[in-house]
Every structure is written in structure tokens, then in C-alpha cells.
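Chemist: One structure, as C-alpha cells, below. Some questions next.
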Amino acid sequence: MTDHAFATRAIHVGQEFDPTTGAIIPPIYQTSTFVQDGVGGLRGGYEYSRGGNPTRTSLETLLASLEGGKRALSFASGLAAEDALLRAVLEPGDHVVLGNDVYGGTHRLINRVHGAWGIRNTTVDLTDLDAVRSALSTDRSRVLWIETPSNPLMKISDIAALAELGHAVGALVVVDNTFASPALQNPLALGADVIVHSTTKYLGGHSDVIGGALVINDDELADKVQFIQFAAGAISAPMDAWLTTRGIKTLAVRMQKHSANAQAIAESLVGHPAIEAVYYPGLPTHPGHELAARQMSGFGGMLSVAVAGGAAAARKFAESTEVFQLAESLGGVESLIGYPAEMTHASVRGTELEVPDNIIRLSVGIEDEADLIADVRQALAR
Ligand SMILES: *Cc1c(COP(=O)(O)O)cnc(C)c1O
């Protein structure tokens, strides 16, 4: 199956039917341990589910294929994946360079959790290559952390150019590919070393499971991270891994519809009197449009707007939609609306990562396009 196109691999890789019953869907191995044929006689290489479980292996095999990587590891959450990776590669005194619009939870993890163990960080505008170069010149810059499109202003940064800058100082180049998903962007092919996912979002795709993953090409690094996963234990449970695998089967078609709906909404909001600015990389006026067109195979389902009436009007808009549900998170089939300043980005208020208080973020689902546009319009009218 590895030679097939993305949509075929998404449905079949790691998903061979059950040889004993013919069940087309492999069973969920809801088990903690595996019986041994005599001490050390493991039937399928599995011993205890913290170390490995066939349902998790299925998902990991699939994720590695979809990102074009050698190995994948599946975790209890996106942040658990990030934590395992960073603990595998960093030592006290090391330095991480991050985008100044990085996911707030990533910043909190590196700044407050790893910071307490002597990890230093610098946040920088990843679209400014000179600024990145000078941030990386710091002694012991070990990791360059890239997120594109970024959250919530959908900035696009150049993965290939940034990977070159990172590699020039010997840093590991990590891309959080949560927003694009592997259906729209494959950072390993652009020079990145490691992919991070919150599989909670587009990969799972149905807002019913929390999970995370890493995709790594280097066996030695993958072994190190796998050791942390085993030793610290932040694995994904069998049911969670199975739900994620099930979600991924429809990823290719979902991403097309997410992108088409978001494009239509973005275009319908340009010039609307209640909207000051629309941030969507599919709009030709977006500063990252050309780069996104080169680096991605679709513009994705996330967009943000700046509301003309300020914070109060923005909040009112977020509370007035009917199809779009007011909730954190993103990437599910159902459309969500959020007020980043007090929701997803509340943890970075008062820092350099603060989001303006008139920004509203939409995670555009795969409902009917006309219903979504009508919903946004009636909410803005209020
Ligand atoms: C949600 C998210 C994370 C964190 O993932 P969890 O599954 O919530 O731990 C990391 N990066 C991005 C871009 C996210 O949207």
C-alpha cells in the first residue's frame, strides 16, 4: 500500500483485515498485557500495552505513511507528544526558538515546565528570516519550532528556508503540522526533521478524542523518544488510537471540503462592513498566499477575522452564531467559533504572544456552505 496515493493510504495502511475472522476492521486490542508462551515467548512482539499495543501500532504505521516518515509515535495528547520529544533532545542550558504566534500550550510547556529545568527560549516572527537567523545564533540553540499556518492569524512561514537556517546551526527542525494536516502539507519533504500533531484536531476529525503524534525519520532519535514514551507513559489508549485511525480514513475528502467552505466564507466576508480584516491564506490579498500555494496543496479550514466594533462586538459575534458552536479546539466536522483573547489564547495574555481582543477564529466544518455563510451573516447582523 505504501506506493499508493494519499487518499488510498489513509484508508488502508496499517489496516489489514483480521486474519482469524476476516473482519475488515482490525479489532481494538483493549488489553493491558499479553500472555507469553513460556517466559519471554511473545507471540507478536507485544508484552505490556505501555510499551506497545497492536491498535497503537496500526495508527503509528498509518501516520508514518501519511507524513512520508520512517517512524511515528502516538501519544495521549499533542502536548504529551511535544513533551516527550523535547525531553528526548534537550538538556539544561539548551535553547529553543519558537514562533511568536506559536500555539499557547506549546509556549506554556517550554516556557513554564521545561523552563523550570533550565531550558531557555526565544520567540520570534517566523516570517522574518533575518530575525530567525539572529535568534538561532544564540549558543546552544537545539530546536527550531515551526507552526504554519499559525494560530489565530494564519501566518505562513517558509518551512524549506527555515529548515536551512535551523540546520546551519545544528538545530532540530520541528514542524507542528496540526493546522494543515498531512493531507495539505508534508514538512518532512520540505526539510523538517520531526512532525508534531495534535491528532485531536483534523486527524481525529470528529471532536471525540484527544491525542498527539510525532513522525520522525531518524531511527536514533525515534528510539530516544520511544524510550521516553515507554518510561514516562504518555501513550494513547487503544480506543483513542482506534478512533483516530477511523477518523483518518476520511481525512483527504474532509480537508477538501473544509478548505472549500473556509474559502467561500472568507470571500463572503471581505468588504463586509462589520469586518476589518479577514485572515485566510486562500485569499490572494493574504501576505502568505503565494507561499501557501507553493508549500500546501490546499488552504485549510481555519480562518480568523478582526471585528470592526472592537472587543464587545467580537464577543457578541462569537455568541450569536447558531450552526457554529462556541467552543475551544478545531478540526472537527462541526464548525466552531472562538474568541482567542479569552479562550484558546487566554494563557498568553499580557505576553508578546497576546492576540488582539477583536479577533474571532472560525474552525470551518464540513456542513453545507450556504448554511455556514448564512449563519455567519445573521450573527454579524446582530
Ligand atoms: C491543540 C493543539 C496542540 C495541543 O494538542 P492537545 O492534543 O490539545 O494536547 C498543539 N498544537 C496545535 C497547533 C494545536 O492546535
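Chemist: Suppose we keep only residues that are out of contact with any helix residue (DSSP H, G or I) (no Cβ under 8 Å at 6 or more places or on another chain) and under 30 Å from Q325 (Cβ atoms) within the stretch 202-238. Which one would you say is surrounded by the fewest Cβ atoms within 10 Å (Cβ to Cβ)? Full working, then the answer.
Modeler: The initial filter retains those residues of the stretch 202-238 that are out of contact with any helix residue (DSSP H, G or I) (no Cβ under 8 Å at 6 or more places or on another chain), namely 207, 218-220, 222-223, 226, 230-231, 233, 237.
If we keep only those that are under 30 Å from Q325 (Cβ atoms) too, we end up with 207, 237.
On the way: S207: 20, A237: 18.
Across the stretch 202-238, the extreme among qualifying residues is A237.
Chemist: Restricting attention to the stretch 75-110, and to residues there that are among the polar types (S, T, N, Q) and open to solvent by 20 Å² or more (accessible area, probe 1.4 Å), which single residue is nearest to V209 (Cα to Cα)? Full working, then the answer.
Modeler: Here is the first cut: in the stretch 75-110, the ones among the polar types (S, T, N, Q) are 77, 100, 106.
Narrowing further to those that are open to solvent by 20 Å² or more (accessible area, probe 1.4 Å): 77, 100.
Values: S77: 9, N100: 28 Å.
The selected residue is S77.
Chemist: Among R56, R50, R108, which is within 15 Å of the ligand (Cβ to nearest atom) and touching a residue at least 40 places away in the same chain (Cβ under 8 Å)?
Modeler: On the way: R56 fails: within 15 Å of the ligand (Cβ to nearest atom); R50 fails: within 15 Å of the ligand (Cβ to nearest atom).
Testing whether each residue is within 15 Å of the ligand (Cβ to nearest atom) and touching a residue at least 40 places away in the same chain (Cβ under 8 Å) leaves just R108.
Chemist: Follow-up question, since we're still on this one. With the condition kept exactly as written, say whether any residue in the stretch 139-160 is acidic (D, E), touching a helix residue (DSSP H, G or I) at 6+ places or on another chain (Cβ under 8 Å) and either within 12 Å of the ligand (Cβ to nearest atom) or open to solvent by less than 10 Å² (accessible area, probe 1.4 Å) (or both). Walk me through how you get there before you give the answer.
Modeler: Quick first cut of the stretch 139-160, residues acidic (D, E) only: 139, 147, 158.
Checking the rest, the ones that are also touching a helix residue (DSSP H, G or I) at 6+ places or on another chain (Cβ under 8 Å) come to 147, 158.
Next, from what is left, pick out any that are either within 12 Å of the ligand (Cβ to nearest atom) or open to solvent by less than 10 Å² (accessible area, probe 1.4 Å) (or both): 147.
Yes, some residue in the stretch 139-160 is acidic (D, E), touching a helix residue (DSSP H, G or I) at 6+ places or on another chain (Cβ under 8 Å) and either within 12 Å of the ligand (Cβ to nearest atom) or open to solvent by less than 10 Å² (accessible area, probe 1.4 Å) (or both).
Chemist: Please work out which one of (1) closer than 26 Å to H107 by Cα; (2) at pLDDT 95 or above; (3) surrounded by fewer than 18 Cβ atoms within 10 Å (Cβ to Cβ) is the condition T351 fails and give its number.
Modeler: With (1) closer than 26 Å to H107 by Cα; (2) at pLDDT 95 or above; (3) surrounded by fewer than 18 Cβ atoms within 10 Å (Cβ to Cβ) applied to T351, the lone miss is (2).
The values are calculated or read from the model by the stated rules, or taken from the named source; none is laboratory data. Please read these numbers as outputs of a predicted model, since none were measured by experiment. Ideal geometry is used to build each Cβ from the backbone, glycine not excepted, and the neighbour counts take in all protein chains shown. Areas reflect the complete protein model, heavy atoms only, side chains present, ligands, DNA and RNA absent. Shrake-Rupley method; radii C 1.70, N 1.55, O 1.52, S 1.80 Å.
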